[in-house]
Amino acid sequence: MTAIAGLIRFDDAPINRTILERMVNLLQPYGRDAQHTRFEPHAAFLHTLLRITPEDSLDRQPLWHAESRTLCLFDGRLDNREELAQALGIAPAELRLMADSEVALHACLRWDAECVDRLLGDFALACWQPQVRRLWLARDPLGTRPLYWHRKADFFAFATLPKALFAIPGVDKAICEERLHDYLCLLPWIGPESFFKDIYRVEPGQILLLEGEGVSTQRYHRWDPDKELQLPSDDDYLEAFREQVERSVACRLRASGLIASHLSSGFDSSTVTALAARQLAAANKPLIAYTAVPREGFDGPVPKGRHGDEGPGARTVAARFTNIEHHLIRTTGVSPLDRLEEDIECLDRPPLNPCNMVWDDAIRDAAARRGARVLLTGGMGNMTISYTGLEYLPRLFGQGQWAAWWREANALHSGVSRRHWRGLVLQSVAPYLPPALWALLQHLRGVRTRALTGTSAIHPQFMRRMGHEERVKAAQWDLSYRPWADGRRMRIAVLDRLDNGDYQVAANAAGLELRDPTADRRLIEFCLAVPDHQYLRAGQTRWLLQRLMGDLLPPPILQARTKGYQAADWYEAFGANLPRLREELDHQQAKGIDRFLDLPILAQSLGDWPVSGWEQPLTMRRYRLKLMRGLAVGTFIRQVEGGN
Amino acid sequence: MEPAPVDTVAVAPRTRAQIAWLRAYAGDATAELPAHIGPLQPDQRPGADALAAWRRWHPPALDSHFSDAEWPWYAILERARVETLASRELPGMALNLADLDAIAPAGRRAARLHRLARHTLASPPVTAEGVRREDERETQGQEAADRQEPDRADGIPGHDFGRSWPGPGDPPEPFATDNTVHRVRVPLITRLLASMRRRPAGLGGAPGPTDAKIVAALRLAQLRLTDAAAFAEAVRPLVRALALSADQETAGDHPVSGPSPQPLLGLDAESDDASQVQEMETGNDPAQTGADEMSPADRRYPGYAIFSTRWDQTLAAAQLYQPGDALHLHDLEEGERRQARRLALRLQRRLLAARLRLWSFDQDEGRLDSRRLARLLTPKPPYAVFRLEDETPVPEACVTLLVDQSGSMRGRPQRLTAQAIDLTVRTLEFCRVKCEVLGYTTRYGADNPLVRAWQTAGCPSAPGRLNALRHIIYKGADQAWRQCRPHLGLLLRQDFGRENLDGEALDWAARRLLRRPEPCKVLIVLSDGAPYDEATAAANGRRFLEDHLRSVIAALEGSPIRLAAIGAGQTVGRYYGQALTLHRPEAVATVLFDHLGDLLTRTETAIRPFS
């Protein structure tokens, strides 16, 4: 993995080497193994490398093809090297001596910007043709690797993280209020805005073209909501699914160091860990698995339907594989506040779930200390391999397939999950209700507390100032979270709203690469195309995955009635730091951050600090979501705006 | 107080011959006297001689032995010393230097001190016992005088009370050889002493050491006239007293133990102006405010302006320290001493390993030099086929730690910084590396006199910096940390700092460091982000201070100084070429000292990521 950046001047002024020096310094933590620059008469490029794959030792970026006068910067990992090599006429022996970046360069030379649709893996790419003064930038469809840019009258600059752009004199560090509003309201991240004013992102699945001094963008990839895979039998679906999942795991095991995995007691991480362990065992390699658990002896309350200690479930998975080295990670006494500033600094954005950052950081640190280079996760599993298929009910209902609907609803009611009829009916009918009726129903059900200000620290005046209603409409996002009628569109909406590239890069700072087999493009396309009846069958949700992993995962995982509740003891360390929290809120108030956040309400939350009832949804929303997220956002604003 | 850089001092035009004479006589001058300390008429022959004497006999390294507040006083006494030496050695020069009016520094008090020092140092030396006895007599006389009515004092024999001190209108002392000078001056000194008995206060009636005390101190220093370092040591108590009294004199705006601005030496003590050291450097009219009032730093950075330097301060931490500050130091207590020793050993090993090997060839003993073995085949000696390995001493280094003390550093960054400083200074002391600790912030918050002055002036556009600097010296390079460490509590005081004007602070610290004699100069800035002053940013835009900081850094990175920055909690890498960030206390030791080792041992080109 690399961090990349470039600076192109539109005038005849030479590039100030000092600026590039600063940019390298700022990106060096994310690519600690090598740093290189290339200076052209009116352009300069840099890359900092973190060697993860064996081929990374061959990486010599920035790559310059003298014949075509093309420069290529590639940040990422190619999962279809062999396929690309075949198409490009690269011999296998030659391929073995090529870093992924060189393969990408060959692809750029052959197909120009159209190559990006052929590249599979996590990547961000920059290609510069000085003769025609043309630059194009691209990111993979999931935006796994980030890329930001800034344009002024006399220059254009891009970088993996915004912080490198701020090294350029004249690029101011200021908050982008539109993005901040959308983030606080949990609206989808659509459009090029970043958290910083005048700093833009290349969107996932997008190509940005700079020709002369003009900038244009085009989307090269969209998830297809209408494509449906039709296979003769259930077994064929299962086999195709098996092939896809195994391949997505296999191509993420290419590393020059140990492989680690985050193993919770959930379906996704268990599946990834189990499949990776089996494949690594065949190569006689170990897998280091980490599970975050509460402090020793913790018996605090957890929300209904959740379990606080994921250790026992994870242990049953680890016990099935002799090559799994299992570690429990406890973050006793560590408050989310302890590393908040450091995390924000590293991410260049506020973390969405500061609670989870505590154990996430701890796992990364432990894995890095153990010598791991890759940390496997299953973050996208809910939208891919472990999709429940529950949207099948409203779909059947909407299509008038009453018999099929009844069969599935009844099975869900009487089956393992024991779902209530009221919920099943509401889920089936709600997508077709007029919005006003849905709102009334929500009101009658007493879910007013789910109003935005119940979970978000955003200041109502800020919402009004930003034209909240219009922005919600423009984003085409339903903040009442009405059930979807189409599971495929629902998943695509979720995929499109995410941009987690910054988190991926932040892991590089720990010396690791995060890899999520459940976020494989081919696997996602496959999972989206699989008909809903393969996910929900006879009252069994995740039917496809259940069948795939039936022999591999232990019953505590397959038949779990509760879900893991991460960082169950979060409030203990958090509550032990109330004076610090108050100090931070006071600081934010003094800095005028109350123009964005409802700081008095947050301060009141501290005054009302509960001694019990942490499992109550209201309490969770008020403290774990609203207060924590608000603090994180406030700290981020404070860092950005500076001042004293 | 450091002298202003050569290029910014207002040097009056000189004749070509004078410049050539200066160059020939003074050699390659390394230090220039600031205009306000130097002679009033540098373009005239006496003034040129005074400057030449300064260059010839004054070692610039001694300047760093004094704080900014003390240095001007020391410089005047030192001027008297070098001029006395010059008069003794070069009769022709003595004639010119006898014109005290022409070579007096600006301001009545400074001129009086200069005159007194010249007279005292030129008088026949007395033994230390003699000085003591004279001092006792003077004290008794003073007590007696205090008991008498003022007009009764006039009756003391041997005193011409009509002209107690030579004033501006006094005729210059006639040229004389050493002996004649003594003959002529003895009665004058007697007259002076008598006048001192009549005037209990110090220079010009200002508070501080009495004139008799000054003469007594100078008499002791006179015994070390040819040894500049010993002279500096001898006058140090006197200099300190003069600086302190000057500070007390203007402490009106800080009631208890708050900061007391330095008076402008060139002004009368009666002046109600709280003129600051910075003004003294620039020679600005303190009453003047406006964008045209530029400090030395400004002229080198054309985009930068200062509305007024009138309220700027440079103070020793001791002057701001309060007993309550000691409590803050408890967090940084003794447990770290062991860690400092361990780190020091590691750093020492790195410094030793960095020593360049120096080989002496053709030796009669030592290690066999295989390239010279062929000599053994020749019939004639010498058979010097050995080589000896010497260690080139590591260049002496001076490290300046410059600490941002703005409000945003409160809390964790503050503690991180204090911990880092404590460890660093201790470690460097173990390694015998000179170290200076400086702090910076601004003086004013909402109630800002600069803003009021700017508003009074009709809010002209782009007024420049609109807050007053507060530069603090925690530890001079030659001071021991055990003496200065208690003042570190000031760094941890919660309500102390306001804004941070990094560019000017960096420039100030760099100019101090450049004066140091050590060839290896390292400047480490500890900050938490961008320079910021609300009033300045509001009037000039956010980029104003940032651009200035970038300009100063660019200038420094082309200088002999090795510049690095440490971000306390936040990265400062977008400004500095060499930057690292401290997030957790446990990282201070590992991260900081690795970096420090790099700075002290690597060659200049190796420090930079790019060659």
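The values are calculated or read from the model by the stated rules, or taken from the named source; none is laboratory data. In this text, all values refer to a predicted model and were calculated from it rather than measured experimentally. Cβ coordinates were reconstructed from backbone atoms using ideal geometry, including for glycine residues, and neighbour counts include every protein chain displayed. These accessible areas exclude ligands, DNA and RNA; they are computed on the full protein's heavy atoms, side chains included. Shrake-Rupley method; radii C 1.70, N 1.55, O 1.52, S 1.80 Å.
Points worth noting:
- Every residue from the stretch B:101-139 that is modelled with pLDDT of 80 or more, touching a Lys or Arg at 6+ places or on another chain (Cβ under 8 Å) and farther than 22 Å from B:Thr226 by Cβ: B:Ala104, B:Pro105
- Of all the residues in the stretch A:249-298, those that are surrounded by fewer than 18 Cβ atoms within 10 Å (Cβ to Cβ) and of a type in the set (Phe, Trp, Tyr) number 1.
- In the stretch B:354-381, the residues that are modelled with pLDDT under 75 and surrounded by 10 or more Cβ atoms within 10 Å (Cβ to Cβ): B:Ala354, B:Arg355, B:Leu356, B:Leu358
- Filter result (closer than 30 Å to A:Cys185 by Cα, among the small types (Gly, Ala, Ser) and in contact (Cβ under 8 Å) with a residue 12 or more places away in the chain) within the stretch A:399-452: A:Ser428, A:Ala430, A:Ala439
- Residue in the stretch B:400-418 that is touching a Leu at 6+ places or on another chain (Cβ under 6 Å), part of a helix (DSSP H, G or I) and of a type in the set (A, V, I, L, M) present: yes
- Residue tally, condition in contact (Cβ under 8 Å) with a residue 40 or more places away in the chain and open to solvent by 20 Å² or more (accessible area, probe 1.4 Å), over the stretch A:1-15: 4
- From A:Ile329, A:Ile259, residue being outside any loop (DSSP other than H, G, I, E, B) and within 24 Å of A:Arg629 (Cα to Cα): A:Ile329
- Residues of the stretch A:374-385 classified as touching a Lys or Arg at 6+ places or on another chain (Cβ under 8 Å) and open to solvent by 10 Å² or more (accessible area, probe 1.4 Å), total: 2
- Residue match in the stretch A:140-149 (condition: farther than 28 Å from A:Arg247 by Cα, without any contact (Cβ under 8 Å) to a residue 24 or more places away in the chain and of a type outside the set (S, T, N, Q)): no
- Segments classed as helices (runs of 4 or more DSSP H), wholly inside the stretch B:26-124, with at least 1 members that are aliphatic (A, V, I, L, M), in contact with a strand residue (DSSP E or B) (Cβ under 7 Å, 6 or more places away or on another chain) and surrounded by fewer than 21 Cβ atoms within 10 Å (Cβ to Cβ): none
- Entry remark, the stretch B:523-540: residues being modelled with pLDDT under 90 and facing another protein chain (nearest Cβ under 10 Å) number 3 in total.
- Of all residues in the stretch A:8-22, exactly one satisfies the criterion of being basic (Lys, Arg) and part of a strand (DSSP E or B), namely A:Arg9.
- The single condition among (1) modelled with pLDDT under 95; (2) under 20 Å from A:Arg370 (Cβ atoms); (3) in contact with a helix residue (DSSP H, G or I) (Cβ under 7 Å, 6 or more places away or on another chain) that A:Phe267 does not meet is (2).
- Checklist (1) open to solvent by less than 50 Å² (accessible area, probe 1.4 Å); (2) over 17 Å from A:Ala506 (Cα atoms); (3) within 14 Å of another protein chain (Cβ to nearest Cβ) applied to A:Glu342, failing item: (2)
- Where a residue in the stretch A:16-36 is facing chain B (nearest Cβ under 8 Å) and its partner, wherever it lies, is acidic (Asp, Glu) and open to solvent by 10 Å² or more (accessible area, probe 1.4 Å), with Cβ under 9 Å and at least six apart: A:Thr18/B:Glu557
- Boolean, B:Arg562 is open to solvent by 30 Å² or more (accessible area, probe 1.4 Å), at pLDDT 90 or above and in contact with a strand residue (DSSP E or B) (Cβ under 6 Å, 6 or more places away or on another chain): yes
- Of all residues assigned to the stretch A:518-533, at least one qualifies as being open to solvent by 30 Å² or more (accessible area, probe 1.4 Å) and touching a Leu at 6+ places or on another chain (Cβ under 8 Å).
- Filtered residue count, the stretch B:546-569, keeping only those that are within 12 Å of chain A (Cβ to nearest Cβ) and touching a residue at least 60 places away in the same chain (Cβ under 8 Å): 6
- Members of the stretch A:415-474 found to be within 26 Å of A:Tyr392 (Cα to Cα) and β-branched (Val, Ile, Thr), listed by number: A:Val416, A:Val425, A:Val429, A:Val447
- Candidates B:Ala457, B:Ala446, B:Ala453 - the one that is within 21 Å of B:Met409 (Cα to Cα) and at pLDDT below 95: B:Ala446
- Total residues in the stretch A:416-430, condition open to solvent by 30 Å² or more (accessible area, probe 1.4 Å) and not in a loop (DSSP other than H, G, I, E, B): 7
- Total residues in the stretch B:592-609, condition open to solvent by 50 Å² or more (accessible area, probe 1.4 Å) and either within 12 Å of chain A (Cβ to nearest Cβ) or at pLDDT 70 or above (or both): 3
- B:Thr417 hydroxyl-bearing (Ser, Thr, Tyr), crowded, with 18+ Cβ neighbours inside 10 Å, on the phi < 0 side of the Ramachandran plot and more than 14 Å from chain A (Cβ to nearest Cβ): yes
- Annotation: of all residues in the stretch A:398-415 being within 18 Å of A:Gln534 (Cβ to Cβ) and outside any helix (DSSP H, G or I), the one that is farthest from the chain's Cα centre (by Cα) is A:Gln401.
- Number of the condition not met by B:Leu492 [criteria: (1) in contact (Cβ under 8 Å) with a residue 24 or more places away in the chain; (2) under 21 Å from the mean Cα position of the chain (by Cα)]: (2)
- Helices (runs of 4 or more DSSP H) within the stretch A:538-644 that include 3 or more residues crowded, with 19+ Cβ neighbours inside 10 Å and within 14 Å of chain B (Cβ to nearest Cβ): A:578-590, A:628-641
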